[in-house]
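The values are calculated or read from the model by the stated rules, or taken from the named source; none is laboratory data. These figures come from a predicted structure and were not determined experimentally. Heads up, the Cβs are rebuilt from the backbone with ideal geometry, glycines too, and the neighbour counts pull from every protein chain shown.
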Amino acid sequence: MTSREIVLLGSTGSIGTQAIDIVRRNPDKFRVVAIGAGGGNVRLLAEQALELGVDAVGVAKATAAQDLQLAFYSEAARRGWATGDFRLPKILAGPDAMTELAQWPCDTVLNGVVGSLGLAPTLAALHAGRTLALANKESLVAGGPLVRAVARPGQIVPVDSEHSALAQGLRGGTAKEVRRLILTASGGAFRGRTREQLVGVTPKEALAHPTWDMGPVVTINSATLVNKGLEVIETHELFGVAYRDIQVMVHPQSVIHSLVEFHDGSTLAQCSPPDMRLPIALALGWPDRVADAAPGVDWTAAHTWELRPLDEEAFPAVALAKAAGEAGRCRPAIYNAANEECVAAFTAGDLPFLGIVETLEQTLTDAPDFAEPGTVDDVLAAESWARAYARERIAGGKGA
């Protein structure tokens, strides 16, 4: 593999810091030329920039630009560098900073931005002809039609472990040989519970994920299975497989990350211990693998792995996501945005756990007949409506 130049968006988050760890251990394969983040942790951003020797740094929060510059000098002093002995990278600040960085000269853009703010950088990277290592769900969930319109075949490489697993499994046959794709789910904090057993569960219980260490929103989404619903929509957008041919299985051990079934009856599964460095490294090096990106399965030990069907009565979020995806017309964007409001309300104690998906379903039912999105503003308008409607419903006590 020849050395690749990387632009890393969301560098101070979980995906970003793990990507930097991979780059740090493979200096002959990767060079980070630009990084960007929201601006909430300028100290870490400055550390990363000076360590990596990047050409540009972006902060989405315009008021953080001066703080970032001061953090550069502070970090240089900590390293014992005299003033004038180091080169400051170019600083981009404001809401368009990530979009500007996505067009920076490079080979690959890794988009680890959180939320709908990641959609515009995704489109910018694709328009600029970059390979896009995509970890931003909203780009495909909310902006799928926009992304499809500009992405070349193979231009997007998924970073999520489930979609990375599917991409690897799909190497084993041609598109016309695929019968179905099977996404695995850990089942979250409440796997195995009936709907009746979910009445009255608390945010503390929902945040106790049995396998992964994730942020609060993703962890609660895992407990409701909304996260898997979002991944089903992403799967459809990434691989062009019909929703009826995408299935979810519960796999508590989180070692089988997804499976591809072919029409001859054979199934290929991608297996590895739960470690995001593996799919991140594969996305940066695609189609080549990066040696020792993460530890493999210990094949000298005995293993017991189970797969069981999803209980859609207790966890209807996946079926709801499929219906939203099939309906189109901004329904996936509404699904995602309304869910974020519901999760915030549940965390604050203003909505019961079962009220999350109930409110989500009612929001989709009552949504206006939006058109297929033609611009980012179309997506944002649908999301804005969904957030306002969900908040109003929750405030009126109708989500309980």
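Here are some notes:
- Every residue from the stretch 316-350 that is touching a Ser or Thr at 6+ places or on another chain (Cβ under 7 Å) and either within 16 Å of residue 198 (Cβ to Cβ) or at pLDDT below 95 (or both): 317, 342
- Strands (runs of 3 or more DSSP E) fully within the stretch 52-120 counting 1 or more residues that are small (Gly, Ala, Ser) and either without any contact (Cβ under 8 Å) to a residue 24 or more places away in the chain or assigned by TED's automatic domain parsing to the domain that holds residue 8 (or both): 56-59, 90-93
- Filter pass, residue 185 being modelled with pLDDT of 95 or more and under 24 Å from residue 1 (Cβ atoms): no
- Close pairs (7 angstrom Cβ cut-off, 6 or more residues apart or separate chains): touching a residue at least 24 places away in the same chain (Cβ under 8 Å) and within 16 Å of residue 254 (Cβ to Cβ) in the stretch 301-324, part of a loop (DSSP other than H, G, I, E, B) and small (Gly, Ala, Ser) anywhere: none
- Residue in the stretch 26-47 that is among the aromatic types (Phe, Trp, Tyr), at pLDDT 95 or above, assigned by TED's automatic domain parsing to the domain that holds residue 128 and touching a Ser or Thr at 6+ places or on another chain (Cβ under 8 Å) present: yes
- Test: residue 295 is closer than 26 Å to residue 143 by Cβ and part of a loop (DSSP other than H, G, I, E, B): no
- Hits in the stretch 343-362 - residues which are under 16 Å from residue 230 (Cα atoms) and over 19 Å from the mean Cα position of the chain (by Cα): 356, 357, 360, 361
- Filter pass, residue 111 being surrounded by fewer than 23 Cβ atoms within 10 Å (Cβ to Cβ) and either under 24 Å from residue 277 (Cβ atoms) or of a type in the set (Val, Ile, Thr) (or both): no
- Residue 196 being in contact with a Phe, Trp or Tyr (Cβ under 6 Å, 6 or more places away or on another chain) and surrounded by fewer than 17 Cβ atoms within 10 Å (Cβ to Cβ): no
- Given (1) free of Cβ contacts under 8 Å to residues at least 24 places away in the same chain; (2) under 15 Å from residue 116 (Cβ atoms), number of the condition residue 366 does not satisfy: (2)
- Search result, residues across the stretch 129-153 that are in contact (Cβ under 8 Å) with a residue 40 or more places away in the chain and hydroxyl-bearing (Ser, Thr, Tyr): 131
- Filter result for residue 138 (at pLDDT below 95 and either under 12 Å from the mean Cα position of the chain (by Cα) or in a helix (DSSP H, G or I) (or both)): yes
- Set side by side, the residues 283, 223 differ, and just one is touching a strand residue (DSSP E or B) at 6+ places or on another chain (Cβ under 6 Å), at pLDDT 95 or above, within 26 Å of residue 113 (Cβ to Cβ) and in a helix (DSSP H, G or I), which is 283.
- Going through (1) assigned to a helix (DSSP H, G or I); (2) buried (at least 20 other Cβ atoms within 10 Å of the Cβ) one by one, residue 315 falls short only on (1).
- Top-ranked residue of the stretch 75-97 - restricted to ones that are farther than 27 Å from residue 30 by Cβ and small (Gly, Ala, Ser), ranked as modelled with the lowest pLDDT: 84
- Taken over the stretch 377-400, the criterion of being of a type in the set (A, V, I, L, M, F, W, C) and crowded, with 17+ Cβ neighbours inside 10 Å is satisfied by 379, 380, 382, 385, 386, 390, 394.
- Residue satisfying all of: in the stretch 1-25; at pLDDT below 95 and in a loop (DSSP other than H, G, I, E, B); surrounded by the most Cβ atoms within 10 Å (Cβ to Cβ) among these: 13
- The condition (being surrounded by 13 or more Cβ atoms within 10 Å (Cβ to Cβ) and free of Cβ contacts under 8 Å to residues at least 24 places away in the same chain) is satisfied by just one residue among 275, 298, 288: 275.
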